[in-house]
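This report refers to the structure that appears directly beneath it.
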Amino acid sequence: MNETPTRVYAEIDLDAVRENVRALRERAPRAELMAVVKADAYGHGALACAKAAQEAGATWLGTATPDEALALRAAGVEGRILCWLWTPGGPWQEAVEADLDVSVSGLWALDEARKAAGAAGRTARIQLKADTGLGRNGCQPADWEALVAAAVAAQAEGTVRVTGVWSHFACADEPGHPSIQLQLAAFRDMLAHAEKEGIEPEVRHMANSPATLTLPESHFDLVRPGLALYGVSPAPELGTAAELGLRPAMTLKASLALVKTVPAGHGVSYGHHYVTDAETTLALIPAGYADGIPRHASGRGPVLVGGKVRRVAGRVAMDQFVVDLDGDHARVGDEAVIFGDAERGEPTAEDWARAADTIAYEIVTRIGGRVPRVYLGG
C-alpha cells in the first residue's frame with residue numbers, strides 16, 4: 001500500500017513483534033518457541049507476523065485451523081507448523097502433503113491421519129493432545145491408553161510419526177489457581193505413559209502466553225505464546241504490557257470525519273443515551289462495530305484526540321461513533337488513536353477490554369477485514 005488510509009487503519013509494528021519474540025525467548029531460554037499466528041495473528045496479519053517471528057527466532061508456528069496453516073505454506077512460509085482444530089473430512093491429505101504437523105485428540109483423528117498418509121504416499125507427522133483438565137479439545141485420561149497404543153501401532157506401520165505430546169492450560173492467567181498444578185501433574189503422568197509405550201516426541205509442550213511468562217516449570221521443550229507476541233498483556237493480574245517487557249504491535253487509528261458544535265441538551269447517537277449538558281464540540285470517528293469496535297464499550301471506550309483521552313459519547317454504531325471534546329478545538333482529518341501503546345499516552349487494548357467487559361484477546365482479534373493493515377518495520 002503506497003498511501004496511508006484515511007478512514008480507519010491499524011498500524012502493525014513488526015519490530016515490536018520481533019522484540020516481543022526475543023523477550024519471550026528470554027523467559028524460556030531452554031525451550032523452543034512456537035509463534036501462534038491463528039486468527040490472522042490475532043488480527044495483526046498472519047503472513048507478516050509469521051515471517052517476523054521466524055526472523056526473531058521462533059522455530060515453530062501454530063494455527064488453529066488447517067486452512068490457516070495451508071495458507072501460510074501457499075504463501076511460501078517454511079519451517080514447522082502445527083495446526084490443531086480438526087473435524088472429520090478436513091484437508092488431512094493436503095496437510096500431510098504440505099508437511100504440516102497435525103494434532104490428534106482421538107482415534108477418529110488418528111484414522112484420518114493414517115488414511116491421508118496412505119493417499120499422499122508419505123508419513124503423517126502427528127502430535128497427541130492430552131486433555132489435562134481444560135475440558136475442551138484433547139484426549140481424556142481414560143481414553144489416553146487406547147490412543148497411545150493406536151498411535152504406536154500406526155507409527156510401527158510407517159503411516160505416522162508422533163512428533164509431539166501436548167496440552168493446554170485452563171487458568172494459567174490466574175496465578176496460584178489450583179488447577180495449574182493439577183494439570184501439570186496430569187500432563188506429566190500422560191506424557192510418562194506415552195514415553196513408556198515407545199513414543200519419543202521431539203517436543204513436549206503446554207505453556208501458553210501466561211504460562212510462558214510466569215510458570216517456568218511448564219516450559220518443557222517448547223512454549224506457545226500467542227497474545228503476548230503482539231505486545232498485549234494476557235491478563236491484568238500478570239501486569240501491563242510494559243511491566244511484562246512487551247511492546248504493543250498494533251495501533252488503531254482513524255481520521256476525524258466531522259467536527260461540530262452542538263447546543264446543550266443535544267442527543268448523541270442511537271437511543272440518546274448521551275445528551276450534552278452544555279454547548280460542546282463533537283467529533284465523529286468513522287469506525288464502528290463493523291470494524292471491530294465493541295458496541296459494549298458504548299459510553300466508556302477511550303480515544304486519544306488532541307492530546308487528551310476522551311470517552312465514546314453514546315452508542316457505538318455500525319460504522320461510526322462520537323466523542324465529546326468538551327469544547328476543545330479540532331479539525332476534520334485530525335488523528336484519533338483508538339488504542340495503541342500506554343507508553344505513548346495512548347489508550348490500550350486492555351483499556352478497551354475493561355470498557356467492554358471482555359478480554360484484550362477479543363479486542364485485537366475482532367478488528368475487521370475492512371480495516372487496512374499498514375506494516376512498519378517490514
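The values are calculated or read from the model by the stated rules, or taken from the named source; none is laboratory data. The shown structure was predicted, so the numbers you read here are calculated from the model rather than taken from an experiment. A quick note on method: Cβ atoms are made from the backbone with ideal geometry, for glycine too, and the neighbour counts reach across all protein chains shown. For the accessible areas, the whole protein counts, side chains as well, though only heavy atoms, and no ligand, DNA or RNA atoms are used. Shrake-Rupley method; radii C 1.70, N 1.55, O 1.52, S 1.80 Å.
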Item checked: Whole-Å distance, taken between Cα centres, linking the stretch 105-125 and the stretch 53-75 -> 21 Å
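Antiparallel DSSP bridges in the chain: what percent, to the nearest 5?
So the antiparallel bridges in the chain amount to around 45 percent.
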Notebook entry, point to check: What is the packing order of peptides 108-114, 248-254, taking the mean over residues of other C-beta atoms within 10 Å and listing the highest first?
Noted result: 248-254, 108-114
Check: So what's the net charge close to S298: Lys and Arg +1, Asp and Glu -1, counting the other residues with Cβ under 11 Å from its Cβ?
Finding: +4
Notebook entry, point to check: For the pair R295 and D189, what calculated FRET efficiency results from E = 1/(1 + (r/R0)^6), where r is the Cβ-Cβ distance and R0 = 45 Å, to the nearest 0.05?
Noted result: 0.50
Notebook entry, point to check: lysines near K51 by alpha-carbon distance under 29 Å, same-chain residues fewer than 8 away left out - which ones?
Noted result: K38, K129, K253
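Output the peptides 315-325, 39-49, 22-32 sorted from most to least packed, where packing is the average of other Cβ atoms within 10 Å over each peptide's residues. Numbers along the way, then the final one.
Numbers: 315-325: 21.3, 39-49: 23.0, 22-32: 17.1.
Top to bottom by mean Cβ count within 10 Å: 39-49, 315-325, 22-32.
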Note to self: If I compute semi-axes √(5λ) of the Cα gyration tensor in Å from the structure I just sent, which labelled value in (1) 45, 21, 18; (2) 36, 29, 19; (3) 59, 30, 20 lines up?
What the structure shows: (1)
Notebook entry, point to check: In degrees between 0 and 90, to the nearest 10, how far off the longest principal axis of the chain does helix 178-196 point, with axes built from Cα atoms?
Noted result: 30 degrees
Item checked: Relative contact order for the chain, counting Cα pairs under 8 Å that sit 6 or more residues apart, in percent -> 18 percent
Next item on the list: Could you work out how far helix 107-120 tilts from the main Cα principal axis of the chain, as a 0 to 90 degree angle to the nearest 10?
Entry: 80 degrees
Notebook entry, point to check: Based on the mean of other beta carbon atoms within 10 Å per residue, what is the order of 59-67, 3-11, most packed first?
Noted result: 59-67, 3-11
Item checked: Residue-span extension gain [A278 to E335] - 0.36 nm each, minus C-alpha spacing -> 18.0 nm
Note to self: I'd like the distance between the alpha-carbon centres of the stretch 322-366 and the stretch 228-297, rounded to an integer number of Å.
What the structure shows: 4 Å
Margin query: Quick check: at a probe of 1.4 Å, how many percent of the accessible area of the stretch 87-196 sits on carbon and sulfur atoms?
Written below: 51 percent
Note to self: Assuming 0.36 nm per residue, please report the length gained on full extension of the stretch T123 to V262 beyond their Cα-Cα distance.
What the structure shows: 43.1 nm
Next item on the list: At 25 °C and 0.890 mPa s, grab the translational diffusion coefficient of the stretch 119-275 from Stokes-Einstein with a Kirkwood Rh over Cα pairs, rounded to a whole number in µm² per second.
Entry: 129 µm²/s
Notebook entry, point to check: Relative contact order, percent, of the stretch 57-106 when contacts are C-alpha pairs under 8 Å separated by at least 6 residues?
Noted result: 39 percent
Check: With axes computed from alpha carbons, what is the tilt in degrees of helix 14-27 against the longest principal axis of the chain, rounded to the nearest 10 within 0 to 90?
Finding: 50 degrees
Check: When the helices in the chain are scored as -39500 (n - 2.57) per DSSP H run of 4 or longer and the sum is shared across all residues, what 222 nm value do you end up with, to the nearest 500 deg cm²/dmol?
Finding: -9000 deg cm²/dmol
Next item on the list: Quick one: compute the contact order of the stretch 194-313, relative version, from alpha carbon pairs under 8 angstrom and 6+ residues apart, as a percent.
Entry: 13 percent
Note to self: Under the rule of at least 5 residues apart or a separate chain, name every residue whose amide H is placed under 5 Å from the amide H of A287.
What the structure shows: Q320, F321
Margin query: Probe of 1.4 angstrom, ligands and nucleic acids ignored: what's the accessible area per residue over the stretch 1-157, in square angstrom?
Written below: 43 Å²
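Given a 1.4 angstrom probe, what's the average accessible area per residue across the stretch 158-198, in square angstrom?
I get 43 Å² per residue for the stretch 158-198.
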